[in-house]
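Peer 1: Okay, here's the structure, questions in a sec.
The values are calculated or read from the model by the stated rules, or taken from the named source; none is laboratory data. Please read all numbers here as calculations on a predicted model, not as lab measurements. Reconstructed Cβ throughout: ideal geometry from the backbone, glycine too, with neighbour counts over all protein chains shown.
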Amino acid sequence: MGTSDWVSTSMPYLTARGKGQPDAWGAEAGKRGSQRIVHAGEVAAPAEVAEALGVAEGDAVVVRRRMMFFDGRPCELTDTYYPLDIAGGTRLAGTAKIPGGAVTLLAELGHVGVRVREDVIARMPHAEEREALQTGPDTPVLQLTRTTLDSDDQPIQVDMMTMPADRQRLRYEIRIG
């Protein structure tokens, strides 16, 4: 990987930020990173999201769809889903930037993640993903699905991230003992 490739760790995205601190993406990517919210609001839960959130397929959930950029180039498509009873009628259902990020707002609303499950797969992108991420026809993507659960083991958030595999490196650090 070259020095301009993006290296991401999950931990900063799982904890609420202090007052006045930027969201995790802003802090990690700095001036080289930006994001655009392309849609927010209620949608019918797709099968994979419904299973992760413990709702029926087609039930209403809240989604925030974002396009992430690094050095002005698209680097990630992120759809974040929330149960309607948590996010309905909150800033999570709108397109405005959330000070400190969504995890901070969730904590303010009384929903704190204590356990995370991540699944990563490699696959070929759909045509719309290839176009949005500006990749070639033979470039695979990584799809990271992160489910955040609260202290009652209830899902509070599901992130589905799609990234060009040739421009991404995921780093996992695990402390034992």
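Peer 1: Of all residues in segment 89-117, count the ones that are over 19 Å from Arg146 (Cα atoms) and part of a strand (DSSP E or B).
Peer 2: 0
Peer 1: May I ask you to list the residues in segment 131-155 that are without any contact (Cβ under 8 Å) to a residue 12 or more places away in the chain and either farther than 13 Å from Asp166 by Cα or polar (S, T, N, Q) (or both)?
Peer 2: Of the residues in segment 131-155, the ones without any contact (Cβ under 8 Å) to a residue 12 or more places away in the chain are 131, 136-138, 152.
Answer for segment 131-155, where residues must be without any contact (Cβ under 8 Å) to a residue 12 or more places away in the chain and either farther than 13 Å from Asp166 by Cα or polar (S, T, N, Q) (or both): Glu131, Asp152.
Peer 1: When the residues of segment 134-173 are narrowed to those that are among the acidic types (Asp, Glu) and farther than 21 Å from Val43 by Cα, which ends up modelled with the lowest pLDDT? It would help to see each step written out before you state the result.
Peer 2: So the first thing to find is which residues in segment 134-173 are among the acidic types (Asp, Glu), and the list is 138, 150, 152-153, 159, 166, 173.
Of the ones still in play, those that are also farther than 21 Å from Val43 by Cα are 138, 150, 152-153, 166, 173.
Details: Asp138: 94, Asp150: 95, Asp152: 96, Asp153: 96, Asp166: 91, Glu173: 76.
Ranking the candidates gives Glu173 first.
Peer 1: So, in segment 120-144, of the ones that are closer than 27 Å to Leu53 by Cβ and crowded, with 17+ Cβ neighbours inside 10 Å, which residue ends up nearest to the chain's Cα centre (by Cα)?
Peer 2: Restricting to residues being closer than 27 Å to Leu53 by Cβ and crowded, with 17+ Cβ neighbours inside 10 Å, the top hit is Leu144.
Peer 1: If you scan segment 44-82, which residues turn out to be part of a strand (DSSP E or B) and farther than 20 Å from Leu92 by Cα?
Peer 2: Narrowing segment 44-82 to residues part of a strand (DSSP E or B): 44, 60-70, 73-82.
Phe69, Phe70, Arg73, Pro74, Cys75 - these are the residues of segment 44-82 that are part of a strand (DSSP E or B) and farther than 20 Å from Leu92 by Cα.
Peer 1: Can you name the residue in segment 145-154 that is in contact with a Lys or Arg (Cβ under 9 Å, 6 or more places away or on another chain) and not charged (D, E, K, R) and is also surrounded by the most Cβ atoms within 10 Å (Cβ to Cβ) among such residues? Before you say what the answer is, go through the steps one by one.
Peer 2: First, the residues of segment 145-154 that are in contact with a Lys or Arg (Cβ under 9 Å, 6 or more places away or on another chain): 145-151, 153.
Narrowing further to those that are not charged (D, E, K, R): 145, 147-149, 151.
Values: Thr145: 18, Thr147: 22, Thr148: 24, Leu149: 17, Ser151: 10.
By that ranking, first place goes to Thr148.
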